Amino acid sequence: MRTIRSRLLAIGAMLALAVWQLIPTNVTQRVRDATTGRMKDTTIRRVPINLGLDLQGGIHLALEVDPSKGPVPDCADAIQRAEKVVRTRIDEFGTSEPVVQIQGRCRLIVELAGEKDPARAKSIIQRTAFLEFRITDMKNLFRDALPGIDKALERAGVRASGQGAPAASVTQLFGTDTGKAKGKAPKTPKGKAAAKDTTDLNAPGPLSSLLFQGQVPGEYLVPEEQVPVAESLLARPDVQRLMPRGIALEWGTEVLSRAGRSYRTLYAVEDKPIITGEYLQDAKATREQLTNQSVVNFWLSRRGGRIFERETGRHVSDYMAIILDGRVQGQPPIIKSQIGQRGLIELGAKPLQDAQDLALVLKAGALPAPLTIIEERTIGPSLGQDSIRDGIRAGIVGVALVVLIMVTYYRLSGVLSVAALALYVVFTLAGLAGFGFTLTLPGLAGLVLSVGIAVDANVLIFERIREELQHGKLVRTAVDEGFLHAMSAIVDSNVSTALTAFILYLVGTGPVQGFAITLIIGIAASMITAIFVVRTFYMIWLDRRPDMATLSV
Amino acid sequence: MIRLFANANYDFIKWRRWAYGLTAAIIIPGFALFLVRGLNYSIEFTGGTLIQVQTAEPVGPERIRGALDAAGIRDAEIQQFGAVNEYVIRARLGRADAAVEGSTETTAAAVDSALARSLGPAPEHYKILRTEAVGPKVGRELQGKAFLAILFSFIVTLVYLAVRFEWRFGLAAVLATFHDILTTIAFIRYLDLEVSLVVVGAVLTMVGYSLNDTIIIFDRVRENLRKFRRQNLYEILNLSINETLPRSVLTHGTTMATTIALVLLAGEVLRPFALVMTFAIFTGTFSSIYIAAPLLMYIEKRWPGEDARGARALRPAGSVPLTPPPSPGGGGGSEVRSKAAV
């Protein structure tokens, strides 16, 4: 009895763990807003199983450095730069979780699930990197302009309420300020009185309430969740008009964590660069032995050196933002003295990795690596949905047939194995979700196929039990012997299938790897259910009816 | 209670020559065809462009051919794919353009504009459902990888078998599996199925499945060799096959049920995979009974094991002289199995 209880507990625990993995969770997705064309965050609820591109539609690109546009001395180095560049552009893709990774040494893989416009995606990826150094807003011109922008927004915010995303965000902000405005804003969409009301509130303005002053002049921190709101506010033409002359805003790449909240950096910088990447020649990260500091050395061309010398001479003690493709990289360093052809950026106690990243950014601007697409797969979302529908339909029919065969042939024992099969499906899906593997179309086929193979272990056991019964053994002995004797065959056969699946995983690409993974997880799950779970069912059954003379098998 | 082939007592081994003939009749013409025409490799392997389009009305492949011809895209293959208004256009890379990376991508764009000119503008008149453009380099790499995969799976299963069984059993199992690969290639050639990486995956899965099937019969052979000291190998093989026959039929049935459901319902993309898998299950079961078991007998005859029962295998059962009690160790294949608690 105690073994039955502990077995049931173990099964219950496994089931609970599996179900817990499959509970729909809130997933934040960045999607393109249909009306404004900007990216925004939305939260959706879904079962946390990753679907491959072949099931949800999307673009898979494999890129290499284009050798036809000049010799590539070190492709691994060039592809690292390219990866850095593509990463900085990640927000431009119309997709939630873009995959950008280096495969092997010299190949870049970009996967954009749900992206519908391959031409646009390709142009974003293949665009040449643009690096520039710009002085930050040392005179705080932007901060001084903020009250005016706030006022304009407040005036416009109410007038524009009910007119799409930006206005709605403003209303929401008022809502967080006072209960009074919260109640009023939706009721009076066009009322001039309401506009006056909000101006009179004298609360922090719609934009300035989102910004926190950073450590460097011109640096602001925006709470991560407010970034889309801030973006949409800053994009408004009336805000653009009020921006101080000669100042532009650029987002940073860094996400800072302060007191449990994460912030994105926003920089007010001069709109003209003091120098651009074309004058840069090389950059290198090192760790100074004496001071134990990470530093990045960079070299400019002769002409670049002259320009840089002049500009840095004018801007000693100013902060210089390093901007790659419109994204400020890291925190802007201060210009300590006039710099010529050779410069040095000190990163202090920061790890060498940071310095290497920065060197990569500088090199990306200096030595653009033109990429060529060597493989492209685009799957339309409708095709993916069709595949899922067909796959599920085939799965249901296939599993129904297996259930039919098992129940008619093995009767009550067949029912036990079908119950175990249900657990098997849950375990396999939970395995995919829990380990974060991706379900692909061949994976779906593997899942269906493995249901057919999964019952093999039960067939082996049941046949053995039948044989033992035929030899005149008692029911209880026959069950014990049946499980015992079927064991070696089950282990052997499953191991051999798992081994081939593992090889397939090693050499395969995306969809095929999905197949291999599903097969391997399926084999593991089927071993657990067919042997352990069915055995437990038998134990309970025999425990209830100890005097059972015949077995329904 | 339904019992299929319970207490069956068929003389499977007797039919081995017929089985050889049957499988030779499948393999030899298939291979002749394979040598002459090769296999229909997918663009993953050859490099090239594949475009799946859905037209608003079923225009027929000729219309699409015309559209492509007008745009100067000559050597593309056009195939109706599943539904009447869906087509797949394939342009494999020739030798001439194999040197140029990136040319596959321009082909996709050229096909798109050719269709737009002939059928009318995109979303209303036709829709591109899927594009694959594979450069020659990726194709070559994949060929190498697929070859390696098959090679590795052989080596790994061989090592596994060597550990679990005596080498005679292992050799018979591997040869039977090799036979399955040959028949499957012949099958792929007969139906002119497209060989994609997923189909290679099916072949590898088949290797696992077929080996699995053989192992289960051999496992029983090993057990019966220990149990029945007086029978010769011929009888033991037959006995073991008959004893495991219900299992073979049942598992065959359940697995086949799922693969046939995949063939019929899972859509055009998976169909080659599902067809190969269905055939693989058939050939895997067949070879375990008719190829692996007789092979084991021949191997035992050629290189007899310790108690040399294989040597007497081909003699009629009745004339077997009484054997002295065998040494406790028995044949190499009969080590004590671990009685793992279930």
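None of the figures in this text is laboratory data; all of them are computed from the coordinates on show. In this text, all values refer to a predicted model and were calculated from it rather than measured experimentally. Reconstructed Cβ throughout: ideal geometry from the backbone, glycine too, with neighbour counts over all protein chains shown.
The table for this structure:
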| item | result |
| --- | --- |
| Nearest-ten-degree value, helix A:75-88 long axis tilted from longest Cα axis of chain A | 80 degrees |
| Listed residue pairs exceeding 28 Å between alpha carbons, taken from A:84/B:127; A:116/A:284; B:14/B:227; A:122/B:137; A:84/A:151 | A:84/B:127; A:116/A:284; A:84/A:151 |
| Selection of trypsin sites (Lys or Arg not before Pro), the stretch A:202-309, meeting DSSP coil and at most 15 other Cβ within 10 Å | A:245 |
| For residues of A:393-403, the mean tally of beta carbons on other chains within 10 Å | 6 |
| Mean shadow area of chain B over all directions, Cα convex hull, nm² | 22.6 nm² |
| Likely footprinting exposure, B:303, B:167, fewest C-beta neighbours within 10 Å first | B:303, B:167 |
| About the Cα centre, charge dipole magnitude for chain A (Lys/Arg +1, Asp/Glu -1 at Cβ), debye | 1360 debye |
| Cα long-axis angle, helix A:534-544 against chain A (0 to 90 degrees, to the nearest 10) | 50 degrees |
| Calculated log₁₀ intensity ratio I(q)/I(0) where the Debye formula runs over C-alpha points of chain A, q = 0.06, 0.09 Å⁻¹ | -0.48, -0.86 |
| Neighbour-count ranking [beta-carbon atoms within 10 angstrom, fewest first] of A:437, B:154 | B:154, A:437 |
| In degrees, nearest ten, helix B:16-37 long axis to first principal axis of chain B (Cα) | 20 degrees |
| Rounded FRET efficiency, nearest 0.05, which uses the C-beta distance separating residue A:17 from residue A:545 and R0 of 35 Å | 0.65 |
| Estimated FRET transfer efficiency (residue B:6, residue B:156; beta-carbon r; R0 45 Å; 0.05) | 0.80 |
| Prolate/oblate/rounded label for the stretch A:252-293 (Cα gyration tensor, a/c 1.5) | oblate |
| Relative contact order (%) - the stretch A:275-366, alpha-carbon pairs under 8 angstrom, separation at least six | 41 percent |
| FRET efficiency for residue A:9 and residue B:249, using Cβ-Cβ distance with R0 set to 22 Å, rounded to 0.05 | 0.05 |
| Label zone at residue A:422, where the point sits 7 Å out along the Cα-to-Cβ direction: the stretch A:509-543 residues whose backbone N lies under 16 Å | A:529-530, A:533-534, A:537-538 |
| 5 angstrom amide H check on residue A:135, placed H, neighbours 5+ away | A:270, A:274, A:321 |
| Sites matching trypsin sites (Lys or Arg not before Pro) across the stretch A:309-385 that sit in DSSP coil, with at most 13 neighbouring C-beta atoms within 10 Å | A:336 |
| Gain in span if fully extended, residue A:382 to residue A:334, counting 0.36 nm per residue against the direct Cα distance | 12.1 nm |
| Cβ-based charge dipole, chain A, positive-most Cα from A:469, A:329, A:295 | A:329 |
| A:219, B:300 arranged by Cβ crowding within 10 Å, fewest neighbours leading | A:219, B:300 |
| Cα gyration tensor category, rounded, prolate or oblate, for the stretch B:48-134 with a/c compared to 1.5 | prolate |
| Loop-resident sites, the stretch A:239-291, for GluC sites (Glu not before Pro), counting at most 16 other Cβ within 10 Å (DSSP) | none |
| Cβ charges +1 (Lys, Arg) and -1 (Asp, Glu), total dipole of the stretch B:48-134, debye | 100 debye |
| Contour minus Cα-Cα distance for residue A:353 and residue A:126 (0.36 nm per residue) | 79.1 nm |
| Full-extension gain in nm, residue B:230 to residue B:148, via 0.36 nm per residue minus C-alpha separation | 25.1 nm |
| Chain A, helix-only ellipticity at 222 nm - DSSP H runs n ≥ 4, -39,500 (n - 2.57), divided by all residues, nearest 500 | -17500 deg cm²/dmol |
| Signed unit charges on C-beta, dipole axis of the protein assembly as shown, positive-most listed residue A:13, B:285, A:79 | A:13 |
| J(HN,Hα) series, the stretch B:175-187, from Karplus relation 6.51 cos²θ - 1.76 cosθ + 1.60, nearest Hz, glycine and proline x | 5, 5, 5, 4, 4, 5, 5, 4, 5, 5, 4, 4, 4 |
| Amide H contacts under 5 Å for residue A:262, placed H, 5+ residues apart | A:224 |
| Nitroxide proxy distance, nm - points 7 Å out along Cα→Cβ at residue A:262 and residue B:57 | 5.3 nm |
| Ellipsoid semi-axes in whole angstrom, largest first, where each is sqrt(5λ) of the Cα gyration tensor of the stretch A:275-366 | 20, 15, 13 |
| Spin-label model distance (nm) - residue A:303 vs residue A:141, 7 Å beyond Cα toward Cβ | 2.8 nm |
| For chain B, with +1 on Lys and Arg beta carbons and -1 on Asp and Glu, the positive-most of B:60, B:83, B:150 along the dipole | B:150 |
